[in-house]
Amino acid sequence: MRIKLRIHYDNNNNFTEPILWVWQEGTGLIKKELRPSGSDDFGPYYDLQINRSAFNFKFKDIGGKNIVWEGDKSNRFYNTGFGDEIWCKAGWHNIYSVRPEAAVGDIKDIYNEIKDLIPKENFYLPNTDISRLETNSLLGAHKLLDGSISFAFFHPRAAKVYLASNINGFKAPYKIHGRRCKEEDKFIEMKLYRGYYNNPNIWWTRVMKEDINSSLEEVEYKFYVQGGTKGNEGFVYDPYTRLYSSDYRMENCVVVDPTEFQWSDEEWNTPDIKDLIIYELNVYGFTDQDSDISLEEQSTFKGVTKRIKEGYFNNLGVTALAFMPTSEAWSSFGLGYDPCSFMSVEKDFGRPDDFRELVDVAHNYGLAVIIDQVFNHTSNDFNPLWKLIDDGSDPGGFYFSGATQWGNRLATGKAEVDNMLIDSCKLFIEEYHIDGFRFDATHTNYMDHRLLYRLQDEIRDKGFKRDAVMIVENLPNQPDLNFDGFNGYAQWSDIFHDKLKAILREGQFRNHWDDSPDNLGDIFYFSKNQFASHTNNVINYSESHDETSIKFEIETNDIINCDIKDRKARLALFATMVALGQPMIYMGQEFGVNREANKIDINKITPDPNCPEFEYNDFYRWAQGIINLRKKYDALRISGYNPIDTGEFQWLIGPWLKESQGKGKRVIGWKVRSAKEEIIVLINFERDRVKVKLPICDRENWVKIADIKEVDDITINKGIEKVLGVRLLKGDGRVKNLNLDPYSAFIYKKI
C-alpha cells in the first residue's frame with residue numbers, strides 16, 4: 001500500500017531549515033527525513049510517498065549549529081483516516097484534515113457591536129477573565145433584545161467550527177458512509193476571534209431573528225468541530241448551555257431566555273451568615289413518593305416549592321435551603337455528584353423557570369437558597385468536556401488534570417477552566433438569584449485553591465455579589481481559606497462532626513477521633529484552635545448526605561437501647577444548634593430518622609423496627625422548638641473573632657476546668673450574652689449523672705426554656721416564680737450546685 005500525502009506546516013517556531021522527520025517503530029521500522037517540496041501562505045509543505053498506512057512524524061531545524069527538535073508534545077501520529085492532505089501547527093500534536101482558520105478579529109470588538117442588545121436584568125453574558133484583560137467571552141448561546149441569537153464557543157485547538165442547529169437542519173460537514181455532507185449552503189460556519197490572553201480561541205457567530213423559523217418551539221444546537229477534539233472531528237456539546245434537551249446523550253443543547261420569568265423578590269436581601277440555619281436537601285428525595293404532592297410534582301422543583309408555600313421550612317425555623325447539586329448530572333434521580341454540565345439545571349427536576357420560581361418563592365418566605373457546585377470532578381459516563389479540547393496534556397485533554405475517587409479531576413487552577421467555573425456561579429446569581437454556594441470536596445487533594453481565591457475576588461471583592469454565601473466542603477479543614485476571617489469561606493467543620501460522632505457512639509470514629517473529653521471545648525468554640533479564625537468560617541453539622549444518621553452510627557458500637565438512641569439523636573441536633581458557628585441539619589434529621597449515608601429518599605425511610613414506640617412527630621416538635629430558639633435569640637448566634645475577649649462568651653463547665661466544673665468529664669457549658677439577652681447552655685454527654693457548680697452570681701435568676709425532651713420558651717411575667725418550680729435556676733451566693741442527668745442538655749435564659 002503506497003500513500004501519497006501532502007503535509008503542511010505553519011513553522012511558527014521560525015525554523016531556518018525545517019525538516020520533516022518520519023518514523024515507525026517495531027518490525028516495520030522506518031526512519032526518514034524530507035525537505036520542503038514548496039511553500040504557500042500557510043508555510044512549507046512536504047510531498048510524501050510511503051508504503052505505510054500509519055506512522056509518526058515531527059519537525060526539526062537543521063539550519064543552525066545544532067539540530068533543534070520540536071518538543072515531545074509535538075509527536076504526531078498519522079493514519080489514512082486523515083486523508084491525503086493534512087495541516088500541522090508548530091508545537092502541537094494535532095493533525096488537521098482541513099486548513100486551520102486564522103483569527104479574523106477580537107471578541108472584544110464583537111462585544112462592543114452587540115452590547116446595546118444585551119438584556120439588562122436577570123441575564124448573564126459571560127465576562128470572567130481572571131487575567132484582568134477584560135475579555136467579554138460571550139460564551140454560550142444568548143438571545144439578544146432584537147431576537148437574534150449570539151453563539152460563542154471556546155476552543156483553542158480547532159481548525160474550523162460550525163453551528164449545527166434545528167435552525168439549519170443540523171447541517172455541517174460531517175461524514176455519512178465516508179462522504180461529507182454536501183449541503184454547504186446550509187452550513188453556519190463560526191469565525192475565530194482573539195479571546196483569552198489575546199490568543200485565537202473563541203469562535204462566534206450570530207443568527208438573525210429573520211433567519212430563525214418562528215415555528216420552532218425551542219432552538220436546539222450543537223457545535224461541529226474539525227480538528228483538536230476527540231476523534232479529530234465531530235459534534236460536541238456547549239459547556240455553557242443552560243439546558244439540555246430531553247435526551248441529551250443523543251440530542252442537543254437548548255437556547256434559554258432567562259429574562260421571561262417575572263421575579264417578585266425585589267425586597268429580598270441575603271441574610272448575614274451568622275443568621276443562617278441551614279437545611280440540606282435533595283430535590284428528588286425530599287418529595288419523592290410524598291402522598292401530599294401530586295405525582296407530576298414529586299421529585300421536582302415544583303414539589304419543593306409547594307412545601308415552601310405550605311410553610312414547612314418556616315415552621316421548622318431554618319433560614320436557608322442548601323440544595324444538593326441542581327446542575328445537570330448523568331444519574332437519574334441520584335445524589336447529583338456526577339455532573340456533566342455547570343451552567344445547566346437538572347431537567348429531571350424541571351425547567352429553568354421552575355427553579356427560578358422555587359428561588360423566588362423561597363425569598364418571599366424568608367429563605368436563602370444555596371446550591372452545591374461540584375467543581376472537583378465530572379461524570380465519567382457522560383462527560384461533554386472529555387477530550388473536547390485535545391491539547392495532549394492529560395488523557396482527558398484541556399479541562400482535566402488527573403483523577404479523584406469520584407471521577408476525572410477538573411484542571412482547577414488553570415485560568416480558562418477557572419473562568420468557566422466562575423461564570424457558572426455568576427450565571428446562577430444573576431439569572432436564578434441564588435444567595436450562595438457550597439463547593440464540593442475542595443481540599444487541595446481534589447481542587448487547586450487558586451479557583452477559590454479567584455472566586456472570592458470575582459464574586460465578593462469586585463462587588464458582583466458582596467454578600468454571597470460561600471461554603472466549602474474542605475475536609476480535613478485547612479486554614480488558608482479563612483482570608484481575613486469575617487470574609488473567608490465557611491467550611492463544613494470536619495472536626496465538629498467527627499468528634500461529636502465519637503463522643504455519641506462512645507468509641508473511636510474513623511480511627512482518628514476518640515470519645516475522650518479532649519478538644520471538646522474546641523468544637524463548640526467554632527474550632528478556633530483547629531482551623532477557623534472567625535465564627536463565619538465554620539458550619540457545624542452532625543448529619544449530612546455523606547454521613548450516617550446519629551442513630552445508625554451509634555448502633556455500630558452496639559448502642560441499641562431505644563431511649564438512649566433517641567436522647568443521643570437529640571443531643572446531636574441540640575449541640576449543632578448551640579455551638580458557635582453556623583448550624584446545618586440534613587433532611588430527615590428533624591424527625592430523628594435512622595438511615596445510612598447517602599440515603600436521599602426521605603419518604604422511603606421507615607420507622608426503626610427495633611424501636612416501635614419511637615414517635616417521629618414528638619421528635620419533630622422538639623427539634624422545631626430547638627431550631628426556633630436559635631432563630632429567635634441573638635445570644636445563640638453571637639459572632640466574631642473571639643467572643644471571650646469581647647465579654648459575649650464565658651465558659652462555665654468543661655473537662656479542662658476545676659473538679660467542681662466537670663474536670664475530666666464529657667460535659668460542657670457556657671454563658672452567652674447579647675445586647676438583648678443572656679443564655680446559659682449546659683450539656684452532659686456522660687452515661688452517668690454529673691454534679692457541677694455553676695459560677696452564678698447572687699440575685700441572678702434563670703429559667704429553663706429547653707432540655708433534651710421539651711422546649712418551652714415561656715414568657716416571663718410578674719410573679720412567674722410561683723409557677724416555675726424546678727425550672728427556675730436561682731443564684732446561690734457565688735455558685736449554684738446542679739446535677740446533670742445522663743445524656744442531658746439544657747438552655748436557660750436570664751430573667
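The values are calculated or read from the model by the stated rules, or taken from the named source; none is laboratory data. All values derive from a computational prediction rather than experimental measurement. When we count neighbours, we look across all protein chains shown, and the Cβ atoms used for this are built from the backbone with ideal geometry, even at glycine.
hydroxyl-bearing (Ser, Thr, Tyr), assigned to a helix (DSSP H, G or I), touching a helix residue (DSSP H, G or I) at 6+ places or on another chain (Cβ under 6 Å) and assigned by TED's automatic domain parsing to the domain that holds LEU281 - does that describe any residue in the range 417-435? Spell out how you get there, then give the answer.
From the range 417-435, those hydroxyl-bearing (Ser, Thr, Tyr) are 424, 432; that's our starting set.
Of the ones still in play, those that are also assigned to a helix (DSSP H, G or I) are 424, 432.
When the remaining residues are screened for being touching a helix residue (DSSP H, G or I) at 6+ places or on another chain (Cβ under 6 Å), the result is 432.
Those still in the list that are assigned by TED's automatic domain parsing to the domain that holds LEU281 too: 432.
Yes - at least one qualifying residue is present in the range 417-435.
Restricting attention to the range 364-406, report how many residues are within 30 Å of GLY311 (Cα to Cα) and within 22 Å of the chain's Cα centre (by Cα).
Counting residues in the range 364-406 that are within 30 Å of GLY311 (Cα to Cα) and within 22 Å of the chain's Cα centre (by Cα) gives 8.
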> Can you tell which of PHE619, PHE614, PHE591 is touching a Pro at 6+ places or on another chain (Cβ under 8 Å) and either modelled with pLDDT under 95 or within 12 Å of LYS551 (Cβ to Cβ) (or both)?
Replying inline: PHE614
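Could you say which residue among ASP185, ASP116, ASP129 is acidic (Asp, Glu) and closer than 24 Å to LYS222 by Cβ?
Result: ASP185 is the single residue among ASP185, ASP116, ASP129 that is acidic (Asp, Glu) and closer than 24 Å to LYS222 by Cβ.
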> If only one of PHE342, PHE313 is at pLDDT 95 or above and either over 17 Å from the mean Cα position of the chain (by Cα) or in the same structural domain as ASN75 (by TED's automatic domain parsing) (or both), which one is it?
Replying inline: PHE313
>> Return the residues of the range 396-415 that are crowded, with 20+ Cβ neighbours inside 10 Å and not aromatic (Phe, Trp, Tyr); say none if nothing qualifies.
In response: GLY396, GLY397, GLY407, ASN408, ARG409, LEU410, ALA411, THR412
> Can you find even one residue in the range 79-97 that is among the aromatic types (Phe, Trp, Tyr) and either more than 27 Å from TYR174 (Cα to Cα) or without any contact (Cβ under 8 Å) to a residue 24 or more places away in the chain (or both)?
Replying inline: no
>> Anything in the range 641-661 that is surrounded by 14 or more Cβ atoms within 10 Å (Cβ to Cβ) and not in a loop (DSSP other than H, G, I, E, B)? List them, or say none.
In response: PHE649, GLN650, TRP651, LEU652, ILE653, SER660, GLN661
> With respect to the numbered conditions (1) under 17 Å from ASN603 (Cβ atoms); (2) touching a residue at least 12 places away in the same chain (Cβ under 8 Å); (3) hydroxyl-bearing (Ser, Thr, Tyr), which one is the sole condition not fulfilled by TYR240?
Replying inline: (1)
>> When the residues of the range 253-307 are narrowed to those that are free of Cβ contacts under 8 Å to residues at least 40 places away in the same chain and among the polar types (S, T, N, Q), which ends up surrounded by the most Cβ atoms within 10 Å (Cβ to Cβ)?
In response: GLN298
> So which residues in the range 192-228 are buried (at least 23 other Cβ atoms within 10 Å of the Cβ), in a loop (DSSP other than H, G, I, E, B) and either of a type in the set (S, T, N, Q) or in the same structural domain as TRP386 (by TED's automatic domain parsing) (or both), if there are any at all?
Replying inline: none
> Within the range 32-47, can you find the residues that are within 15 Å of ASP61 (Cα to Cα), part of a strand (DSSP E or B) and not basic (Lys, Arg)?
Replying inline: GLU33, LEU34, PRO44, TYR45, TYR46
> Out of all the residues in the range 535-546, is one or more in contact with a helix residue (DSSP H, G or I) (Cβ under 6 Å, 6 or more places away or on another chain) and assigned to a helix (DSSP H, G or I)?
Replying inline: yes
> Do you know which residues across the range 20-35 are in contact with a strand residue (DSSP E or B) (Cβ under 7 Å, 6 or more places away or on another chain) and under 12 Å from ALA54 (Cα atoms)?
Replying inline: VAL22, TRP23, GLN24, ILE30
> Just to be sure, is GLY63 outside the structural domain of GLU134 (by TED's automatic domain parsing), over 30 Å from GLY140 (Cα atoms) and either in contact with a helix residue (DSSP H, G or I) (Cβ under 7 Å, 6 or more places away or on another chain) or assigned to a loop (DSSP other than H, G, I, E, B) (or both)?
Replying inline: yes
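Yes/no matrix, rows are residues, columns are (1) charged (D, E, K, R); (2) at pLDDT below 95; (3) assigned by TED's automatic domain parsing to the domain that holds VAL318:
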residue: PHE524; (1), (2), (3): no, no, no
residue: ASN540; (1), (2), (3): no, no, yes
residue: GLU547; (1), (2), (3): yes, no, yes
residue: ILE554; (1), (2), (3): no, no, yes
residue: LYS565; (1), (2), (3): yes, no, yes
